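Take a look at the structure below.
Derivation of every value follows stated rules applied to the coordinates shown; laboratory data play no part. From a predicted model like this one, the values you see are computed outputs, not experimental measurements. Neighbour counts run over all protein chains shown; Cβ positions are idealised from the backbone, glycine included.
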Amino acid sequence: MKMGRQKRAMAVHDISCFGKCSLTVALPVLSAAGIETSVIPTAVLSTHTGGFTGYTFRDLTEDIPAIAEHWKTLGLRFDAIYTGYLGSFAQLALVSRLIREFKNGDTLVCVDPVMADGGKLYAAFGPDFPKGMAKLCAKADLILPNLTEAAFLLNEPYCAGPYTKDYIETVLRRLAALGPERVVLTGVWFEPEHLGCAVYDAAADRVGYALNERIEGAYHGTGDVFASALIGAVLDGFPLLEAARIAVDFTVGSIRRTHEAGTDIRFGVNFEAGLPGYIRSLGLEGRPAPAVGA
Ligand code: PXL
């Protein structure tokens, strides 16, 4: 049997040293999906910014062009560029440049416009930031906002839910009109017991839903767990809606075991115990390993 080439992703996020999110989630989850993951760390923080005070912050913006220049000399090619939390307009501009320089015909550009939740922008961002993020979303093939981020991207008032299918589908189409062909909208619910995501493929004008049980508590880092699991599944060849179902189930499982353990909601979720199940859901167990990427 001919072995496939191993896929390679570029993950552009911060490293929050404690409180699992961004790169400390993207790297293990994409690796579990069998994807070689090269990282561009945008900053190093002692913790993420959600609910902690006194965290350290070392900005790595200046390192990004130098990393890119070196990679260009190696002729590296990427099957995906996956960006998450970006801390400034300068970083948004540098990510646009990374896309220009490294996107080829087959590269899937995935932008998770991490900047807000629960109706509010995260503390680190000024009111103009969503405009800059919307410009970056225009360059993506796939975006994964939550409903708060969607409202900021569209410059519309935030609606806390419950939602109607009409509302969700209007938001999906408006987000696709910003530029990305595929949109995954998280935090979707029609009745209190169930929560999940809606997916939209603009080329086919097709909407789908992946919902699961709602577990109480706003656990930090779950957006990154979800986006990483979905992107891993898409790179493994799953259609978007199936990838969304796999990612919703992986995320809900992670939240459930964290809730049962009574862990501080700021500390991140126990996704690690769900990795064997995630690998099984991707059908990777027992499959021959692909050759190392060229
Ligand atoms: O999970 C999103 C995230 C990533 N990185 C940092 C954050 C947040 C959300 O608050 O603060 C530094």
* Under 16 Å Cα to Cα from residue 120, which lysines show up? Leave out anything in the same chain fewer than 8 places away. => 131
* Structure fact -> Counting only residues 5 or more apart in sequence or on a different chain, those whose built amide H sits under 5 Å from that of residue 4 are 291
* Return the distance in nm (one decimal) between the two label points of a simple spin-label model at residue 194 and residue 260, each offset 7 Å from Cα along Cα→Cβ. => 2.3
* Rounded if a/c is under 1.5, else prolate if a/b beats b/c, else oblate: with a ≥ b ≥ c from the C-alpha gyration tensor eigenvalues square-rooted, which is region 138-294? -> oblate
* To do: Once you have the Cα-Cα distance between residue 96 and residue 46, take 0.36 nm times their residue separation minus that, and quote the gain in nm to one decimal.
  => 15.3 nm
* Calculate the translational D of region 183-261 in whole µm² s⁻¹ from Stokes-Einstein, where the hydrodynamic radius comes from the Kirkwood formula applied to all Cα pairs, the temperature is 37 °C and the viscosity 0.692 mPa s. => 257
* Residue separation times 0.36 nm, minus the C-alpha to C-alpha distance between residue 62 and residue 202: what's the value? -> 46.8 nm
* With θ set to phi - 60° and the Karplus curve 6.51 cos²θ - 1.76 cosθ + 1.60, what are the ³J(HN,Hα) couplings of region 207-221 in order, to the nearest whole Hz, using x for Gly and Pro? -> 10, x, 10, 10, 10, 8, 4, 8, 10, 5, x, 9, 6, 6, x
* Structure fact -> In nm, the gap between the two label points placed 7 Å beyond Cα toward Cβ at residue 280 and residue 106 is 3.2
* To do: Loop only per DSSP, at most 12 neighbouring Cβ atoms within 10 Å: give me the GluC sites (Glu not before Pro) in region 126-217, ordered by residue number.
  => 193, 216
* Sequence-distant residues sharing a close amide H with residue 39 (under 5 Å, placed H) -> 11
* What length, rounded to one decimal in nm, is gained on full extension from residue 156 through to residue 121, with 0.36 nm per residue of separation minus their alpha-carbon distance? -> 11.3 nm
* Calculated FRET value between residue 213 and residue 38, using beta carbons and R₀ = 22 Å, to 0.05 -> 0.05
* DSSP beta bridge pairing in region 8-267, given as percent antiparallel to the nearest 5 -> 45
* Please list the non-local residues whose amide H lies under 5 Å from the amide H of residue 122, H modeled 1.01 Å from N, same-chain partners needing a gap of 5 or more. => 116, 117
* To do: Can you run the Rg to Rh ratio on region 8-267? Use alpha carbon positions and the Kirkwood inverse-distance Rh.
  => 0.93
* To do: List the DSSP H helices in the chain whose Cα atoms stretch 30 Å or more along the helix axis and whose mean Kyte-Doolittle hydropathy is at least -0.5.
  => 240-261
* Structure fact -> Using the Cα gyration tensor of region 106-201, the equivalent ellipsoid's semi-axes, largest first and to the nearest Å, work out to 20, 17, 11
* Structure fact -> region 25-164: spread of alpha-carbon positions along the three principal axes, whole Å, largest first, is 48, 38, 31
